[in-house]
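The values are calculated or read from the model by the stated rules, or taken from the named source; none is laboratory data. Remember, it's a predicted structure, so these values are computed and weren't measured experimentally. Note: ideal-geometry Cβ built from the backbone for every residue, glycine included; neighbour counts use all protein chains shown. Just so you know, the surface numbers come from the protein's heavy atoms only, side chains and all, with ligands and any DNA or RNA stripped out. Shrake-Rupley method; radii C 1.70, N 1.55, O 1.52, S 1.80 Å.
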Amino acid sequence: MRKIFTLSLLAISLWSYGQQNEPLLDGLDQEIETLMKSYNAVGLSISVVKNNQIVYSKGFGYRDLEKNLPVNENTIFPIASSSKAFTASLLGLLDFEDKISLKDKPSLYIPKLEFYNSEMDNLITIEDLLSHKSGIGEINGTLVLFPERSKLEVIKKLKYIKPEGKPKDSWIYSNMGYTIAGTIVEEVTGESWEENLNNNIFNPLEMSNSYTDLKSMKMTNNFSYGYGLVKGEVKKVLYEEYQNYKPAGGIRSSAKDLVNWMIAWLNEGKFKEKQVLPTDFVRNATTIHNIRPNKNEESVFLFGDGFGWRMESQDGNYKVYHGGNTSGFSSLVLTYPFEKLGVTVLTNQTNSILPYIIGDIIKNRMLDLPKTDLKDYPVIVSDIYVPSEIKQGLNSEKKPTHNLSSFIGKYENKGYGTIEVDLKDGNLYAIYPSYKFFLEHLHYNVFVMKPLKNVSDLFNPEFAINFRTNNNGEISSLTINLQSEPVEFIRKSKE
């Protein structure tokens with residue numbers, strides 16, 4: 001489905017219940033509509049809280065472009081990595097109850113957990129997982145391409161996966177770190193991450209419109225589809241499933257529900273006079289535990305990560321925030337603790353900085369700071385991945401060193417999983433647990449993976465596969481650039 005988004009589609013906006021009138025936000029509607037036109041955005045939802053009161057809550061555009069169904073403040077969006085602070089909070093609650101210590105090693109609660117080397121085993125703590133200083137790295141390939149039946153099955157792979165950095169001496173964003181964190185919650189409580197989230201956070205905060213799976217979200221009558229841009233044209237995309245790494249980004253929520261979440265964090269864990277989150281944890285989680293690389297912005301300093309949150313001071317204003325980007329959606333949960341200000345922006349546009357632009361506009365208005373002219377804000381939204389055309393046949397000038405039948409087999413890496421290479425009708429295919437790829441010949445023993453069915457635009461799956469030979473000249477392994485260094489899959493002997 002392709003459709004150019006026009007200004008007429010941006011005119012829909014709905015107010016929420018009982019909010020206060022905020023003169024500082026007069027004219028904000030028109031600015032948002034102008035930005036949405038510039039971004040060719042389909043829909044978004046916003047909530048603003050100040051001093052524990054909702055001062056603005058509104059939806060713009062559409063949650064379903066084909067059916068012209070509007071967005072409002074209750075529309076459910078995947079919030080992706082904005083979920084991480086929820087997982088961190090579950091561990092904070094367990095720490096408060098003396099069931100764990102955030103300074104403990106993860107293996108104390110997951111006995112079968114082993115990292116790649118003894119240095120990691122001896123140094124990594126739960127705090128390191130939450131602040132991205134474990135050194136594990138992204139390693140999203142094993143989570144996305146090789147999903148497992150349970151989180152514990154994912155954990156078993158860790159001793160075979162090389163780290164991307166030094167523990168306690170690096171900043172490398174890690175969904176795997178939060179997958180481990182969610183597993184600790186399950187092992188300590190004997191209940192699923194989802195049950196813990198519902199019982200300890202969603203219910204006490206009255207977040208009745210928040211979910212941890214697509215099925216439940218789709219059973220409501222007010223959820224958003226995801227969209228992206230391809231050369232300026234709007235295209236509907238698939239949801240990211242999250243499989244066994246939900247603790248890193250699997251929450252689906254609404255701007256109205258996230259008001260209560262922001263209020264709790266702006267009040268040292270209290271919501272409606274009830275202590276939902278431990279005060280000491282809230283303070284600890286919003287303290288910088290890991291300095292992040294310099295953003296090269298003159299006005300930004302104190303730039304780092306806490307537990308599920310990012311902190312920075314910009315132009316004298318201290319902010320605590322976390323964004324999220326997933327297939328079809330971009331989000332931002334933004335707070336200014338000293339000013340008791342919170343802003344949530346949820347959009348159904350992938351790879352977009354629009355939530356950050358809107359967050360900055362609202363901050364300038366609410367804190368009575370100098371405004372930036374709309375035309376001076378950058379328009380940054382990356383095109384989604386679109387599979388390139390499959391080219392059959394071999395590169396006649398740089399042919400493979402072996403007959404194609406010699407490449408058939410199963411190739412294994414214990415940190416990832418098994419890839420089966422098959423030959424059909426003169427072409428090679430790579431078969432993963434959830435995907436099948438055509439192997440398009442590039443040159444010699446290098447082939448490029450081309451998806452045979454629609455995949456989410458989460459990442460470009462067109463990896464190059466390089467087949468290698470042993471000393472006997474036989475095809476013995478393949479490598480793929482799933483990490484900073486190529487990951488090798490060893491060919492299994494025929495059974």
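Before moving on, here are some points about what is shown:
- Checked against the criterion of being among the small types (G, A, S), surrounded by fewer than 23 Cβ atoms within 10 Å (Cβ to Cβ) and within 16 Å of the chain's Cα centre (by Cα), segment 351-365 has no qualifying residue.
- Matching residues, segment 64-77, being open to solvent by 10 Å² or more (accessible area, probe 1.4 Å) and either assigned to a loop (DSSP other than H, G, I, E, B) or closer than 14 Å to V345 by Cα (or both): E66, K67, N68, N72, E73, N74
- Look at (1) of a type in the set (G, A, S); (2) farther than 30 Å from M36 by Cβ; (3) out of contact with any helix residue (DSSP H, G or I) (no Cβ under 9 Å at 6 or more places or on another chain) and you find that G228 fails only one, number (2).
- Restricting V333, V343 to residues that are within 30 Å of D95 (Cβ to Cβ), open to solvent by less than 10 Å² (accessible area, probe 1.4 Å) and either part of a loop (DSSP other than H, G, I, E, B) or in contact with a His (Cβ under 7 Å, 6 or more places away or on another chain) (or both) narrows the list to V333.
- Test for N325: is it of a type in the set (S, T, N, Q), part of a helix (DSSP H, G or I) and open to solvent by 30 Å² or more (accessible area, probe 1.4 Å): no
- Selection within segment 85-110 - charged (D, E, K, R) and out of contact with any Leu (no Cβ under 8 Å at 6 or more places or on another chain): E97, D98, K99, K103, D104, K105
- Cβ separations smaller than 9 Å between residues 6+ apart or across chains give the following pairs from segment 348-361 residues that are at positive phi and assigned to a loop (DSSP other than H, G, I, E, B) to residues that are of a type outside the set (S, T, N, Q) and open to solvent by 10 Å² or more (accessible area, probe 1.4 Å): N351/L229; N351/I380; N351/V381; N351/D383; N351/I384; N351/D457.
- Options K133, K162: the member that is surrounded by fewer than 24 Cβ atoms within 10 Å (Cβ to Cβ), basic (K, R) and outside any helix (DSSP H, G or I): K162
- For segment 217-236, the set of residues classified as over 22 Å from the mean Cα position of the chain (by Cα) and in a strand (DSSP E or B) consists of E233 only.
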